[in-house]
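Reviewing the structure listed below.
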Amino acid sequence: MTQATRPRLTIEEFLTYDDGTDTRYELVDGVLVEMGAESTINTLIAGFLFATFLQLGIPAYQIGFKQWIAVSDSTATARDPDLIVHSEASFAAIEGSSQAIVKAGMPNPLLVVEVVSPGKPGEDNYERDYVEKPKEYAARGIPEFWQIDPSRSVVAVLTLKDGNYWSREFRGDSRVVSPTFPSLQLTADQILRAGR
């Protein structure tokens, strides 16, 4: 991941930013951070979870792909999770908007899912996915956050309690337990293999 050398942007400037390439960015404290190409397994897992949530009776309009979420009102930071499951209120807040972003001050989605990138402690990917994002999503008040890590073969369900996430890890044929979606009947392996 590389940081572009440009002046700090506001969320509004970020939403209209176009450098003429297909480069994916997140905005971190006003700075564009290049995200690189999405891996095949990330897209497979996100698609599999989309289908799973549909089967659980979640309306398709409440399941968001490539929708940003502003995680702070004090810094210009917008994340691009792999999947968002909206509450009725968070979807209503973005419905009809020209930019798919859940801005600061808008109601929170029910769930944010991140398929984490490979990396070791101290590396940019690891720090972003395991340190920065949990802090940001917790501070935002998102009730449930999933970290799906294919390289470590683990699905972590983080549940917000008293402003902090409590994490529970699932591996192999362990059934993934989601407080928000108690009827979910998937094992960690089913998610990590994207139903294959």
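Every condition in (1) assigned to a helix (DSSP H, G or I); (2) in contact (Cβ under 8 Å) with a residue 60 or more places away in the chain; (3) under 20 Å from ILE58 (Cβ atoms) is met by THR180 except one, and the failing one is (1). Checked against (1) modelled with pLDDT under 85; (2) under 30 Å from SER183 (Cα atoms), GLY64 passes all but condition (1).
Suppose the filter is of a type in the set (Asp, Glu), more than 12 Å from the chain's Cα centre (by Cα) and within 30 Å of ASP189 (Cα to Cα); does GLU127 pass it? Yes; evaluated as a whole, the condition is true for this residue.
Name the residues in region 120-150 that are more than 14 Å from GLU169 (Cα to Cα) and assigned to a loop (DSSP other than H, G, I, E, B), would you?
LYS120, PRO121, GLY122, GLU123, GLY141, ILE142, PRO143
Look through region 100-112, keep the residues that are over 12 Å from the mean Cα position of the chain (by Cα) and open to solvent by 50 Å² or more (accessible area, probe 1.4 Å), and return whichever of them is nearest to ALA156 (Cα to Cα). Once the filter is applied, the top-ranked residue is PRO107. Scanning region 148-196 for residues that are open to solvent by 80 Å² or more (accessible area, probe 1.4 Å) and at positive phi turns up just one, ASP162. Here the condition is being at pLDDT below 65 and not aromatic (Phe, Trp, Tyr); of ASP73, ASP80, it holds for ASP73 alone. Pairing residues of region 135-156 that are free of Cβ contacts under 8 Å to residues at least 24 places away in the same chain with residues that are among the small types (Gly, Ala, Ser) and surrounded by fewer than 23 Cβ atoms within 10 Å (Cβ to Cβ), at Cβ distances under 8 Å and at least 6 apart in sequence or on separate chains, gives ALA156/SER167. Restricting region 113-147 to residues that are basic (Lys, Arg) and open to solvent by 50 Å² or more (accessible area, probe 1.4 Å) leaves a set whose member that is modelled with the highest pLDDT is LYS135.
The values are calculated or read from the model by the stated rules, or taken from the named source; none is laboratory data. Treat the numbers as computed from the prediction; the structure is a model and nothing was measured. Reconstructed Cβ throughout: ideal geometry from the backbone, glycine too, with neighbour counts over all protein chains shown. Remember, those area values only see protein heavy atoms, side chains included, never the ligands or the DNA or RNA. Shrake-Rupley method; radii C 1.70, N 1.55, O 1.52, S 1.80 Å.
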